[in-house]
Amino acid sequence: MLSRVADRIFWMSRQMERAENTARILGVTSNLVLFGTVDVQEENLLAPLSITGTEELYKERHDKLDLPALIDFMALDEKNPSSIYSCLKWARENAHAVRWLLTSEMWETLNATWIEVRAIPRSRVIGSGATEFFDWVKERSHLFRGVTYGTIVRGEAFNFSRLGTFLERADNTARILDVKYHILLPSVEDVGGALDYYQWAALLRSVSSFETYRQLYRDQIFPIKVAQLLILERRMPRSLAACFDQVKEALDRIRGQRDESAKRLAYELHARLSYVDIEEVFQGGLHEYLTAVLTDIGELGSRVQRAYLGAI
Amino acid sequence: MERGPYDEMRAADGAVRAHFRALADWLAETPAERVAEKRREADLLFHRVGITFAVYGDNAGAERLIPFDTIPRVIPRGEWNELEKGLRQRVAALNRFLHDVYHGQEILKAGVIPAEQVLTNEAYQVAMLGLELPNHVYSHIAGIDLVRHEDGKYHVLEDNLRTPSGVSYMLENRKMMMRLFPELFARQHVHPVEHYPGLLLETLRAAAPPAARDPVVAVLTPGQHNSAYFEHAFLAQQMGVELVEGMDLFVKDGFVHMRTTTGPQRVDVIYRRIDDAFLDPLAFRQDSLLGVPGLLSVYRAGNVALANAIGTGVADDKSTYPYVPEMIRFYLHEEPILENVPTWQCKRAQDLEYVLEKMNELVVKEVQGSGGYGMLIGPAAKKSEIDAFRSRIKANPANYIAQPTLSLSTCPTFVESGIAPRHVDLRPFVLSGKETKLVPGGLTRVALQEGSLVVNSSQGGGTKDTWVVD
């Protein structure tokens, strides 16, 4: 497969997954801000910006930090390259460039999503229609992933699409966890101590795993188990371990070439997620662990780019 | 006595011509609502498949559907056989001419064509001098535009030897007709065209450097914003080869390679759909981002084939066109089977005088123009337009030719008021490899506006399926 084509497909899938994750983060932020205590208000509002690394840009675009401005910036601002709007735009743009290799259902899903998002009034999204909008974004992403899985021929296009989706998802899960860990548990002594049940529940909901937690652990919500679920639980499809199962599977199917450095790192990460114990993770420091994982995910992205997709 | 345009379906006495009879019967029997319903279905299908073209000058990158008319144009087998002979003859002579002007230049020495007409032509490429091409083929894919005069006789309106487009519409139109009206195909034998992509691939592989044992072919496109991008993608997909952009290709160790996920892969034949000037920024336009640096040197070393070859424009230029019948006589020692349309060359003082005087009756064209741009249709033009064009001709007479306003034959076509005759032309595609191949028929373009003679899709023309029937 042409590197340029693989690059488009990889990024098309990443952008769509990113749009979904941003909707998830905004959804949970809205909840925390509306129902949470005032003293953590600003931290909660800052979290989405630090997860996406857009604090600087936000300050350029807005004077004050409140929920409507944050949603406006993260959902619909076309000047913000990580906004949902921008992600949907680029997903569609990438698809357009390789349209002849996609199934018509895939193309139509992305095209229709893009046409619809442009017609959604800003006032609704930053007002009472926020939740409805986030749900719509998640639905469109589910639809796209399902349509892709259900229609595209099993070949390199499929492989690079899966690789993009799950690399993006792994990155996102690690970021959400890291930012929340940081805010909620500033010191190691507090781990398992003064936990705010509500905040941890919101975190679980942001990755659609509140019910999963109950079902798998049949227990109260303890941060260590939340971390276990989001990092090591491969039955939970948004966990790091589950994402890396998919990343490894996709890379296994991608035909090799001389530069195997991307595969090597992916397999190493996969092994680390398979054989580590959550107690060990906490002993070494959850934040340190997540920082290392995020660095590795970033490095893996660069190596994939170099080995298969061509210059950035 | 003034005659009207040639009606392809009906003879002068109103009787339906024999080869149109099956279709006319079917039209008469089929309820209008059913046909209208099928037309809506066709629109929907074309939209869904995304058979679109980008329109230049329209708000950047806009895509439009080329209107598809559901009434086919029918050509009897015998008539097509004659046409095919004429097309083979013409393209053979044009390829001989191209080989000649880049080698011995016998035709110039013999004084059949003025040397300056060829050598000072901006499409003439000195880079091609002395280069040996497999099978001596320069224009592997040629699209020859034909029109019918009032007496029904076919004439060549122009030769397209660079990057002729439209064949994807020919194929999609047929697919659509078979899907919408299968019963029509049961009534008479329509010669198939579906094997065109296979023939094209065979033609391209035949152009490969002799050393390439299992030649790799790629289609080179300027990208998704080009007006014919759909066709580039379509042909690559149909042939099962890669669709590449300039940035996907690079030159190393004397060969052209594609950047792929498994590393560099050598390319032996490039079916390029970008103009000469943009092919290689090191050799031609330096500002070209569409091309491949170093491509020309690989080409000249015989390590990659380009289809069509560089420099074919010197043979399809409208100022060269008047000499094609002479080329046929010179190289093949045959009389031309297909005639040219009479053409006045404004570079000749006598012709210029005539053209300036009769502008309101003539069609005036730029010699390098295409796509219906840069032309004036005298009888349809306003006085101010004619005056503006006149001063442009006077400023640079050699840049213009003129032809009589042809009436163009008509075919029944669906229009808002029902079925009415509309003007059509025909573009058959001639493939030259080891042998010359054609599929029966070609692309019929139709001017949908009443009385209009402009069939170009960029100017509101539509297309029809073209049937060659027994």
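General remarks:
- Boolean, A:Glu299 is more than 14 Å from every other protein chain (Cβ to nearest Cβ) and within 30 Å of A:Arg214 (Cα to Cα): no
- Wholly enclosed strands (runs of 3 or more DSSP E) of region B:343-438 bearing at least 3 residues within 26 Å of B:Met170 (Cβ to Cβ): B:410-415, B:418-427, B:429-432, B:436-438
- Residue within region B:30-52 that is within 14 Å of chain A (Cβ to nearest Cβ), part of a strand (DSSP E or B), at pLDDT below 85 and touching a helix residue (DSSP H, G or I) at 6+ places or on another chain (Cβ under 9 Å) present: yes
- Subset of region B:278-292 (residues that are touching a Gly at 6+ places or on another chain (Cβ under 9 Å) and not hydroxyl-bearing (Ser, Thr, Tyr)): B:Phe278, B:Leu279, B:Asp280, B:Pro281, B:Leu282, B:Ala283, B:Phe284, B:Arg285, B:Leu289, B:Leu290, B:Gly291, B:Val292
- Residues that are assigned to a loop (DSSP other than H, G, I, E, B), within 26 Å of the chain's Cα centre (by Cα) and of a type in the set (S, T, N, Q) are absent from region B:293-307.
- Candidate set: region A:233-259, residues that are in contact (Cβ under 8 Å) with a residue 12 or more places away in the chain and either acidic (Asp, Glu) or in contact with a strand residue (DSSP E or B) (Cβ under 9 Å, 6 or more places away or on another chain) (or both); chosen: the one farthest from the other protein chains (Cβ to nearest Cβ): A:Glu233
- Of all the residues in region A:286-312, those that are acidic (Asp, Glu) and modelled with pLDDT under 95 number 1.
- Of the helices (runs of 4 or more DSSP H) entirely within region A:232-293, those holding at least 2 residues that are over 19 Å from A:Tyr149 (Cα atoms) and in contact with a Ser or Thr (Cβ under 8 Å, 6 or more places away or on another chain) occupy A:240-253.
Yes/no matrix, rows are residues, columns are (1) within 14 Å of chain B (Cβ to nearest Cβ); (2) in a helix (DSSP H, G or I); (3) modelled with pLDDT under 90:
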{"residue": "A:Asp7", "(1), (2), (3)": "yes, yes, no"}
{"residue": "A:Glu17", "(1), (2), (3)": "no, yes, no"}
{"residue": "A:Asn21", "(1), (2), (3)": "no, yes, no"}
{"residue": "A:Val28", "(1), (2), (3)": "no, yes, yes"}
{"residue": "A:Asn31", "(1), (2), (3)": "no, yes, yes"}
{"residue": "A:Gln41", "(1), (2), (3)": "no, yes, yes"}
{"residue": "A:Ser50", "(1), (2), (3)": "no, yes, yes"}
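- Count of residues meeting criterion [of a type outside the set (A, V, I, L, M, F, W, C) and in contact with a His (Cβ under 7 Å, 6 or more places away or on another chain)] in region B:286-318: 1
- All positions within region A:149-181 that are hydroxyl-bearing (Ser, Thr, Tyr) and either crowded, with 24+ Cβ neighbours inside 10 Å or free of Cβ contacts under 8 Å to residues at least 24 places away in the same chain (or both): A:Tyr149, A:Ser161, A:Thr165, A:Thr173
- All conditions in (1) over 22 Å from A:Gly155 (Cβ atoms); (2) within 14 Å of another protein chain (Cβ to nearest Cβ) hold for B:Ala233, with the sole exception of (1).
- Selection status of B:Gln238, in contact with a Pro (Cβ under 9 Å, 6 or more places away or on another chain), within 11 Å of chain A (Cβ to nearest Cβ), under 28 Å from A:Arg255 (Cα atoms) and not hydrophobic (A, V, I, L, M, F, W, C): yes
- Any hit, region B:384-396, residues being within 29 Å of B:Leu161 (Cα to Cα) and β-branched (Val, Ile, Thr): yes
- Search result, residues across region B:259-292 that are over 24 Å from B:Asn160 (Cα atoms), in a strand (DSSP E or B) and in contact with a helix residue (DSSP H, G or I) (Cβ under 9 Å, 6 or more places away or on another chain): B:Arg259, B:Thr260
- Checking each residue in region B:246-278 for being facing chain A (nearest Cβ under 7 Å) and not β-branched (Val, Ile, Thr) picks out B:Met247, B:Asp248, B:Met258, B:Arg259, B:Gly263.
The values are calculated or read from the model by the stated rules, or taken from the named source; none is laboratory data. Keep in mind it's a predicted model, so treat the numbers as computed, not measured. Cβ coordinates were reconstructed from backbone atoms using ideal geometry, including for glycine residues, and neighbour counts include every protein chain displayed.
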